[in-house]
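The values are calculated or read from the model by the stated rules, or taken from the named source; none is laboratory data. Quick caveat: nothing in here was measured; it's all calculated off a predicted structure. Positions of Cβ are generated from backbone atoms using ideal geometry, with glycine treated the same way; all protein chains shown enter the neighbour counts.
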Amino acid sequence: MKTTRIHHVAVICSDYEKSKDFYVNQLGFSIIEETFRENRGSYKLDLSVGSQDRIELFSFPNPPARPTGPEACGLRHLAFAVENLESTVADLQSRGIAVEEIRIDELTGKKFTFFKDPDGLPLEIYED
């Protein structure tokens with residue numbers, strides 16, 4: 001797999017306003033975009049970290065603790081930017097790595113998918 005950089009780090013928080021204050025006012029990250037996703041009852045806050053790095057801060061109603069599952073408090077997933085998603089998926093699959101179906105990001109229109117590391121941590125590949 002050839003990656004170009006880390007695309008973003010996504011974090012699910014238990015208290016959106018408190019976390020937003022921490023990342024924006026305490027750490028000094030700039031808000032790129034804030035979206036309330038009514039159908040999920042959740043916020044998605046895109047934050048700029050440095051010149052190219054990004055954190056996606058998510059809120060969900062009553063998120064479970066992080067024993068498993070990608071929608072729990074804590075680190076959600078690690079995403080890698082790739083130039084060609086289809087060829088990257090083919091490369092991973094040729095190595096025996098199971099990859100989920102390719103999806104389209106409802107907010108950006110970009111293609112992405114997930115696979116897991118040996119411990120089950122969700123890893124995303126995102127077409128840049």
- Task: Using the structure shown, decide if Pro122 is without any contact (Cβ under 8 Å) to a residue 40 or more places away in the chain and not acidic (Asp, Glu).
- Result: no
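Can you confirm whether Glu56 is outside any loop (DSSP other than H, G, I, E, B), closer than 21 Å to Thr4 by Cβ and either out of contact with any strand residue (DSSP E or B) (no Cβ under 7 Å at 6 or more places or on another chain) or touching a residue at least 24 places away in the same chain (Cβ under 8 Å) (or both)?
Spelling it out, Glu56 is indeed outside any loop (DSSP other than H, G, I, E, B), closer than 21 Å to Thr4 by Cβ and either out of contact with any strand residue (DSSP E or B) (no Cβ under 7 Å at 6 or more places or on another chain) or touching a residue at least 24 places away in the same chain (Cβ under 8 Å) (or both).
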- Task: For Arg66, state whether it is basic (Lys, Arg), surrounded by 12 or more Cβ atoms within 10 Å (Cβ to Cβ), closer than 25 Å to Ile31 by Cα and modelled with pLDDT under 95.
- Result: no
- If we keep just the residues of segment 94-115 that are exposed (fewer than 13 other Cβ atoms within 10 Å of the Cβ) and among the basic types (Lys, Arg), which is modelled with the lowest pLDDT? Arg95
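Okay, residues lined up against (1) without any contact (Cβ under 8 Å) to a residue 24 or more places away in the chain; (2) surrounded by 12 or more Cβ atoms within 10 Å (Cβ to Cβ); (3) part of a strand (DSSP E or B); (4) not acidic (Asp, Glu):
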| site | (1), (2), (3), (4) |
| --- | --- |
| Ile6 | no, yes, yes, yes |
| Lys18 | yes, no, no, yes |
| Phe22 | yes, yes, no, yes |
| Ile32 | yes, yes, yes, yes |
| Asn39 | yes, no, no, yes |
| Lys44 | no, yes, yes, yes |
| Asn62 | yes, no, no, yes |
| Ala79 | no, yes, yes, yes |
| Leu92 | no, yes, no, yes |
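Going by the conditions given, is Val11 closer than 21 Å to Lys111 by Cα and in a helix (DSSP H, G or I)? Working first, answer last.
On the way: closer than 21 Å to Lys111 by Cα: yes; in a helix (DSSP H, G or I): no.
Criteria not met by Val11.
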- Which one of these does Ala72 not meet: (1) more than 18 Å from Thr3 (Cα to Cα); (2) modelled with pLDDT of 85 or more? (2)
